[in-house]
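Enquirer: One structure coming up, written as structure tokens, with questions to follow.
No lab work stands behind these numbers, since they all come straight from the coordinates. Bear in mind the structure is a predicted one, so any value in this text is a computation, not a measurement. A quick note on method: Cβ atoms are made from the backbone with ideal geometry, for glycine too, and the neighbour counts reach across all protein chains shown.
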């Protein structure tokens, strides 16, 4: 192996490492930080997850986007940062917290009923934390897959979902761009089964870390070449196709965290002979402001598509 002779060579080698190992390295470390936080340092569960997300999501990922971008032009502000910040702040915090609190209050009785009916706790809390996390991912992904699939096929659901497909670039921050009504729907399979099953706080905390970091990584502008991991997780290489302007490409890869249900149901898409073209909506005049996103689904016509659009 030739000796590294200069700084450019070192940077190139590190970029190759990020390209090949960025996702597994970041995710593994974030999960370990969360786990050590609540098991060894007695940090409150929610705080342990939040610290990992802040460190590895909001701080590290934008650095990696600058250092090893998939497309340099996607690092330029498109007038979307403030809008995405409001989505993160309001939809992914306030709306999510209110929905979880409401569903917990409504469904807590069903948890006790199920435990009494089967003579014990339904959730396998005796399993290793990693196994419980993967079980939660598989269960949540099944419901998320079908709601996401419906969001592309049912016109009134698409009007809500178009908000998420409205950015013209992908970067870590637009992972949280959802209309609040759609976010409520998407949350159901991630919350309801686990309240009923009595899933423990440790697994829920690890899921929070995984789901948040994965969503940011999935939408990130980081060059990736992750090989066989693309048959397990719904990674950037797959998800960019889902944001394509071409409907035959964007109506694929519906997985949120895992891609396994796309493989099972035949919607997996990962061509090797080309890269994704333009992303976003067909209507280039779709509003960019937060208030515009709130109102867009209720316009008289579906403004996610240009006038005269006909699906071929």
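Enquirer: Rounded to whole Å, give me the distance from the Cα center of segment 234-255 to that of segment 94-149.
Expert: Rounded to whole Å, the Cα centres lie 28 Å apart.
Enquirer: Could you calculate the FRET efficiency of residue 73 with residue 200 from 1/(1 + (r/R0)^6), where r is the beta carbon distance between them and R0 is 35 Å, rounded to 0.05? Before the final figure, lay out the partial values.
Expert: Working: r = 44 Å, r/R0 = 1.27.
Rounded to the nearest 0.05, the efficiency is 0.20.
Enquirer: May I pose another question? Extending each Cα 7 Å along its Cβ direction at residue 63 and residue 301, get the distance between those two points in nm, one decimal.
Expert: Reported label-point gap for residue 63 and residue 301 is 4.8 nm.
Enquirer: Could you work out the relative contact order of the chain, using alpha carbon pairs under 8 angstrom and six or more residues apart, expressed as a whole percent?
Expert: 24 percent
Enquirer: Please compute the volume of the convex hull spanned by the alpha-carbon atoms of segment 112-210 and report it per residue in Å³. All intermediate terms of the calculation are to be shown ahead of the outcome.
Expert: On the way: hull volume 11.7 nm³, N = 99.
Considering the Cα atoms of segment 112-210, their hull volume per residue is 118 Å³.
Enquirer: Let me ask another. What FRET efficiency do you get for residue 107 and residue 146 if R0 is 22 Å and r is their Cβ-Cβ distance, rounded to the nearest 0.05?
Expert: 0.65
Enquirer: Still on this structure, I have one more. How would you order 133-145, 221-233 from highest to lowest mean count of nearby Cβ atoms within 10 Å? Present the calculation step by step, with values, prior to reporting the outcome.
Expert: Numbers: 133-145: 19.6, 221-233: 17.0.
Put in order of decreasing packing, that is 133-145, 221-233.
Enquirer: Once you keep just the Cα pairs under 8 angstrom separated by 6 or more residues, what percentage relative contact order results for segment 239-279? Spell out each step's value before the answer.
Expert: Numbers: 43 pairs, mean separation 17.7, N = 41.
Value for segment 239-279: 43 percent.
Enquirer: Once you wrap a convex hull around the alpha carbon atoms of segment 153-299, what is its projected area averaged over all directions, in nm²?
Expert: Numbers: hull surface 39.1 nm².
Taking the Cα atoms of segment 153-299, their convex hull projects to 9.8 nm² on average.
Enquirer: While we're here: Determine, for 40, 45, the number of other Cβ atoms within 10 Å of each Cβ, and report the residues in order from fewest to most.
Expert: Numbers: 40 8, 45 18.
The fewest-first ordering by Cβ neighbours comes to 40, 45.
Enquirer: When the Cα atoms of segment 214-306 are enclosed in a convex hull and the volume is divided per residue, what value in Å³ results? Walk me through the numbers on the way to the answer.
Expert: Working: hull volume 11.6 nm³, N = 93.
Cα convex hull per residue, to the nearest whole number: 125 Å³.
Enquirer: Over segment 1-123, calculate the relative contact order: mean separation of alpha carbon pairs under 8 Å at least 6 apart, over the residue count, as a percent.
Expert: Relative contact order of segment 1-123: 14 percent.
Enquirer: Neighbouring Cβ atoms within 10 Å as the yardstick, rank 195, 263 fewest first. Could you put the intermediate results ahead of the total?
Expert: Values: 195 18, 263 13.
The order, fewest Cβ neighbours first, is 263, 195.
Enquirer: Same structure, new question: Hey, what's the per residue convex hull volume over the C-alpha atoms of segment 1-85, in cubic angstrom? Display every interim value, and only then the final one.
Expert: Numbers: hull volume 11.2 nm³, N = 85.
In segment 1-85, the Cα hull volume divided by residue count equals 131 Å³.
Enquirer: Going by how many other beta carbons lie within 10 Å of each one, how would you line up 278, 65, fewest first? Please list the in-between numbers first.
Expert: Values: 278 11, 65 21.
Ordered by Cβ neighbours within 10 Å, fewest first: 278, 65.
Enquirer: State, to one decimal in nm, how far the label point of residue 97 lies from the label point of residue 247, with both points 7 Å from Cα in the Cβ direction.
Expert: Using points 7 Å along Cα→Cβ, the separation is 4.0 nm.
Enquirer: A further question follows. For residue 284 and residue 8, FRET efficiency with R0 = 51 Å and r from the beta-carbon atoms, rounded to 0.05?
Expert: Working: r = 38 Å, r/R0 = 0.75.
Once rounded, the FRET efficiency stands at 0.85.
Enquirer: Still on this structure, I have one more. Please report Rg over Rh for the chain, where both radii come from the alpha carbon positions and Rh follows the Kirkwood definition.
Expert: Numbers: Rg = 20.2 Å, Rh = 20.6 Å.
With Rg and the Kirkwood Rh in hand, the quotient comes to 0.98.
Enquirer: Report the Cα centroid-to-centroid distance between segment 30-70 and segment 183-220 in angstrom, as an integer.
Expert: 16 Å
Enquirer: Continuing with the same structure: Label points 7 Å out from Cα along the Cβ direction at residue 265 and residue 16: separation in nm?
Expert: 4.0 nm
Enquirer: Same structure again: At 222 nm, what helix-only mean residue ellipticity would the chain give, in deg cm²/dmol to the nearest 500, using -39500 (n - 2.57) for each DSSP H run of four or more?
Expert: Only helices count here, giving -17000 deg cm²/dmol.
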